[in-house]
Amino acid sequence: MNVTAQQALPDPLSFSRWFPFMVGFGLLILVAVFWVALDTKEEAERRNQVAAESVKMIGYIESDIRSRIPALQRIVDRWQARGGTPEAEFVADARAYVADMPGFQAIEWVDITYHARWIVPLLGNEAELDRNLASNNRDRLLLEEAKHNRGPYMSEVTQLNNGNMGFLIYFPMYISGQFDGFLLVNFDAHQWLEYVFSLGESEEEIRNYRALVETDGVEVYRQQGWESYTGVGLESEANFDFLGHKFTILCRPTTAFYRHTNTYLKEIVGATGILLSFVIAFAIHLLFKTSVEAWRAKTAQVSLQNTLNDLVVTRDELVQTYSSLKLATMAGRIGTWAWDIDQDKLKWNNLMYQIYDIPDDVVPTLTSWRRLIHSDDISRVESLMQQALKGEAVFETEYQIRRSSGEIRYIQAAGRVERDENSAPLRMTGVNWDITDRKLQEQRIHHLATHDTLTNLPSLSLVQERAELAIELAKRKKISTAIMFIDLDGFKNVNDSHGHDAGDAVLIEICKRLKSNIRKSDTVGRIGGDEFAVILTELDSSDNAAILAKKIIEAVNQPISHNGHLLSVGCSIGIACYPDDGADVEALLKKSDDAMYLVKKGGKNNFCFISDVLVN
């Protein structure tokens, strides 16, 4: 049946006038949506960075204050174990803590009548000496509550005598069940937090963020320039609870942060999208103009012309979709891959070659891909892929790869299996992206939380964890393990005579000597100012510990050169063994500490086992 152009189609003149504008407007809307999505993603990434920084900074604070409490508790434990401590020894211990851990405004002994009898340092705190801390009913009730708490007790935020905000921590002391006063520690919040952030924050973090710290809602510290940065919408909060009180940090980004995180991807996408929208709209306009002329000239070709127009539109949409997808993968640094299972052929996009550090002229195969996966992960990844092919699991995982340079990178991967009508797998497509920076940041945060910043040795919390593992291993194998408690002799003289730089140099050198004298399976950690702990695993007998103690004493006794001076220290070592001296970490640490104290009392620079002391 013959159909004229007039019968088949209405006059396209009116339609052709508006359609290019409609297409262009629609494309502009899509560009705007994509631009908003990129802007939202960029803002979300900034918000996540600020939130991560607040968590990291509150981690610095929590790690520091929790590491101080065990050290102070040892002063209390020694007092209680010995029925008191001489004033000179108390002052020496307190002065060492004040010097090594900035932030202590004062460390005091308060007697049973609530009078401050000993204060370190006395300079600047003279007015507090012999002052009655229970001079009013409110203070008396606070002291009574701390007394009956029988453990560390923290006061509310108060103004210290130097004008700074801070708080007090009371350590009640009991001898044979009878109250014998307090160890009172005055925390200067400003001095303490300045010290914590100076150790933890990098130069980039100092430029990019400002912090304000509150305790129970009361401001105790703010970094310089906090008021200058409003951080609208990006201010983040993190907190932790300590001794019944809530520490909160507010983290605010600076203008340097915005400069550092700003990209021009949105502008590029917007400009490109607008340009493409006008080009496509103009092209459609030309196509319609051509179709109108063809409709008037060749009525017999209406059907063919309509088909060609549809093909052109479809082609443009496919090109646009492909370009958008390619732009999205490039912006997100996402590698894509496709595996034809029947033909066993693997296809990568350009970013996959960059991620795996392979020349782009190399044809990838499953075998070459497997060789790049780290040996620790290959079995797990291949097993998961087989389960995904069988329909028993979803292929989403993380693994390590080794690049041609030997560098280890962390990869996150996801894939989807396409199946035929019989559910047999036809092909598998997926994505890879490099998450190394995120993994390394997580590892760095964990390392900072569990290691001493000066010597890079494990801190007390990590020492306790490894001691627990050593005890569990000893239980299973029915063998012994031991804990050495090491305290340096003469370290205070080095600090007093040569300064804290010399003291730090001595600690770093002692750390190297301790590490060089233990086995790889053993652990050495710094648990106080000049105190170390060594965990010895899988011991055949206590003789092994004695031999190592002698080697450590000999190594420590060797002079240390610093700035033209020869510095000398010794060490006193107390040893407690599992299972003979205790069944848990807390007992072994306390007994090794007791044994070390007896070595100090007996002349220093020696070692002894707590079991020998108890027998004698």
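The values are calculated or read from the model by the stated rules, or taken from the named source; none is laboratory data. Because the structure is a prediction, the values reported are computed rather than measured. All Cβ positions, glycine included, derive from the backbone under ideal geometry; neighbour counts span all protein chains shown. Heads up: the accessible areas ignore ligands, DNA and RNA and are worked out on the full protein's heavy atoms, side chains in. Shrake-Rupley method; radii C 1.70, N 1.55, O 1.52, S 1.80 Å.
Overview of values
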item: Residue match in the range 97-116 (condition: part of a helix (DSSP H, G or I), touching a residue at least 12 places away in the same chain (Cβ under 8 Å) and open to solvent by less than 30 Å² (accessible area, probe 1.4 Å)); result: yes
item: Count - residues of the range 401-418 that are of a type in the set (Gly, Ala, Ser) and either modelled with pLDDT of 90 or more or surrounded by 13 or more Cβ atoms within 10 Å (Cβ to Cβ) (or both); result: 3
item: Counted residues, the range 537-555 - those being β-branched (Val, Ile, Thr) and in contact with a helix residue (DSSP H, G or I) (Cβ under 6 Å, 6 or more places away or on another chain); result: 1
item: Meets criteria (hydrophobic (A, V, I, L, M, F, W, C) and loosely packed, with under 13 Cβ neighbours inside 10 Å) for residue 547; result: yes
item: Positions within the range 59-83 being of a type in the set (Gly, Ala, Ser) and open to solvent by 20 Å² or more (accessible area, probe 1.4 Å), in sequence order; result: 59, 63, 67, 81, 83
item: Identity of the residue in the range 469-482, open to solvent by less than 10 Å² (accessible area, probe 1.4 Å) and assigned to a strand (DSSP E or B), that ends up nearest to residue 567 (Cα to Cα); result: 482
item: Filter result for residue 572 (open to solvent by 20 Å² or more (accessible area, probe 1.4 Å) and either part of a strand (DSSP E or B) or out of contact with any helix residue (DSSP H, G or I) (no Cβ under 7 Å at 6 or more places or on another chain) (or both)); result: no
item: Subset of the range 348-374 (residues that are in a helix (DSSP H, G or I) and surrounded by fewer than 18 Cβ atoms within 10 Å (Cβ to Cβ)); result: 350, 353, 354, 366, 367, 368, 370, 371
item: Restricting the range 155-169 to residues that are within 15 Å of residue 139 (Cα to Cα) and touching a residue at least 40 places away in the same chain (Cβ under 8 Å), the residue that is most open to solvent (accessible area, probe 1.4 Å); result: 156
item: Pairs, first of a type in the set (A, V, I, L, M, F, W, C) in the range 520-531, second open to solvent by less than 10 Å² (accessible area, probe 1.4 Å), C-beta under 7 Å, six or more apart; result: 524/457; 524/514; 524/532; 524/534; 527/463; 527/533
item: Residue satisfying all of: in the range 354-382; of a type in the set (Ser, Thr, Tyr) and within 30 Å of the chain's Cα centre (by Cα); nearest to residue 396 (Cα to Cα) among these; result: 379
